[in-house]
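Beneath this line is the structure, given in structure tokens, with notes to follow.
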Amino acid sequence: MQGSPVSELHVLRPAPCVLHPIIITHPNPYPIMSDLASKKCVPCKGGVPPLEGQALADLQVSLGGGWEVVDGHYLSKRYTFDDFAGALVFTDRIGAIAEAEGHHPDIYLAWGQVGVMIWTHAIDGLTESDFILAAKIDA
């Protein structure tokens, strides 16, 4: 069937994928109040207690940025965007940061929003690395 849509599918080729650097801006009305973003996440193999009490409170204040400490167990923040594409690009950016740091958050992606939850799974609680990752996400 020459000229039919089916025969034309065999000759169509996808355009080559060219990756371009993307500068991403996202709404962050809260300033980052520390140098946490300049630190490196340290892998946790377990055997250390999760942060609690004053140490946890101090890191939360240092982090700023609208992050919540939920039940002393994990960090949580929601970002909003004008569309799905902006939320997806931001999610990809978080993924790149997580891979570079070797520390991976739970990410929720929906139209116009991204939710992020961070904790150290090896100890089922928070470490300084969780706050470092959060600061890098907002940087």
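The values are calculated or read from the model by the stated rules, or taken from the named source; none is laboratory data. Because the structure is a prediction, the values reported are computed rather than measured. Cβ coordinates were reconstructed from backbone atoms using ideal geometry, including for glycine residues, and neighbour counts include every protein chain displayed.
Brief remarks follow.
- The set of residues in segment 93-102 that are under 10 Å from the mean Cα position of the chain (by Cα) and surrounded by 14 or more Cβ atoms within 10 Å (Cβ to Cβ) comprises R93, I94, I97, A98.
- Taking the criterion of being modelled with pLDDT under 95 and loosely packed, with under 13 Cβ neighbours inside 10 Å, the residues of segment 103-124 that qualify are H121, D124.
- Pairs, first in contact (Cβ under 8 Å) with a residue 40 or more places away in the chain and of a type in the set (V, I, T) in segment 75-87, second surrounded by fewer than 20 Cβ atoms within 10 Å (Cβ to Cβ) and part of a strand (DSSP E or B), C-beta under 8 Å, six or more apart: T80/Q113
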